[in-house]
Amino acid sequence: MRIYISVDMEGITGLVDADDVQPGGRDYERGRSMMAEDVNAAVRGALAAGATDILVNDAHGPMRNLLPEALHPAARLVRGKPKQMGMLEGLGPEYDAALCVGYHSRAGALGVLSHSFMGHEIEDIWLDGRPVGEIGLAHATAAALGVPVVALTGDDAACAEMTAWDASVVTVPVKYAHDRFAARLRPAGEAREAIEEEVARALSVPPARPSAPAAEATLAVRWQSASVPATLLGIPGVTAEDSRTVRSTGPLPALYRLFGVWMRVAASLTDQRPYC
Ligand SMILES: [Zn+2]
């Protein structure tokens, strides 16, 4: 059984503040070791369920948060950026299941460190008219590649967002949001045990392949700055919904990659880098 793990940082056990998750932040060094502990718990759960091959993609910010030597030796690591598929780099139909570790809720949600891919620059995203953030987009893109997302860890808001998108996904809350930068924490040891147990449970029955996706999907993004959509309209296939919102239609894995290009354009026009 081949398992793919996309690991973000905002939804990691114990972390609540930008200082915990941004390089240079006062507690970032501690944050990255907490990140490794959550990932390793998921790796142990996958191994217990019979995984024979595990790929971990560091999907946060600089994408060099996980120190290779801190990662469970059974897992291989994708590290660094740029990556054409960003948070889903390396995922393909050869994987039997995908796990989202340390994920967070979308922009506008009252969840810990909630946002969608960029700081304030991305106000909203819709996939086929349905509001979506990093969670739903990862799930839908993985499904389009033929891979089911079977488990997610994060705060309770991220878990609720996953359940609303697909109630069959096993979710593991590691903290309970009081606000965007405050949460009631689950004790670290208990949270990691829960991750290990729930991942093993999610993989205990062979994951069902997602049903074939629609040939095309439509992705719409509302940006904070009107300069971004004005520039994106120069890309063939991109159309305007209004002065802040652009959309494009196509097969989903390609659309996810195109969205990565949009973010690089947005980053070049604003002072915000995509940080996922
Ligand atoms: Zn992140």
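No value in this document is a laboratory result; all are computed from the given coordinates. What you are looking at is a predicted structure, and each value in this text was computed from that prediction instead of being measured. Positions of Cβ are generated from backbone atoms using ideal geometry, with glycine treated the same way; all protein chains shown enter the neighbour counts.
Considering the convex hull of the alpha carbon atoms of the range 217-269, report its projected area averaged over all viewing directions, in nm², one decimal. Value for the range 217-269: 3.1 nm². Our Cα-only numbers for the range 2-202 put the radius of gyration and Dmax at 15.0, 43 Å.
Sorting the segments 145-155, 60-70, 11-21, 167-177 by their mean number of nearby beta carbons within 10 angstrom, highest to lowest, gives 145-155, 11-21, 167-177, 60-70.
When only alpha carbons are used to place a centre, the range 71-126 and the range 1-36 end up 12 Å from one another. Taken over the range 38-101, the percentage of Cα pairs per 10 Å bin, counting from 0 up to the bin with the maximum distance, is 21, 57, 22, 1.
Quick check on packing: order 183-190, 130-137 by the mean number of other C-beta atoms within 10 Å, highest mean leading.
130-137, 183-190
Within the range 103-125, whose backbone N sits under 16 Å from a point 7 Å along Cα→Cβ of Ser227? Taking a point 7 Å out along Cα→Cβ of Ser227, the residues of the range 103-125 whose backbone N falls under 16 Å are 119-122. Legend: helices of the chain (whole DSSP H runs) are marked when their alpha-carbon atoms reach 24 angstrom or more along the helix axis and their mean Kyte-Doolittle hydropathy is at least 0.5; marked are 252-269. Taking a point 7 Å out from the Cα of Glu123 in the direction of its Cβ, none of the residues of the range 99-115 has a backbone N less than 11 Å from it. Label positions at Gln84 and Ile235, each projected 7 Å from the Cα along the C-beta direction, are separated by 1.4 nm. Spin-label model, Asp179 to Ser33: label points 7 Å out along the Cα-to-beta-carbon direction sit 2.9 nm apart. Scaled against 2.2 N^0.38 Å for its residue count N, the alpha carbon radius of gyration of the range 122-176 is 1.11. Relative contact order of the chain, taken over Cα pairs closer than 8 Å and 6 or more residues apart, is 22 percent. Only one residue of Gly133, Ala254, Pro148 has its Cα farthest out toward the positive end of the dipole of the chain, where Lys and Arg carry +1 and Asp and Glu -1 on Cβ, and that residue is Ala254. Distance from the Cα centre of the range 214-247 to that of the range 163-197, in angstrom? Cα centres, the range 214-247 to the range 163-197: 33 Å.
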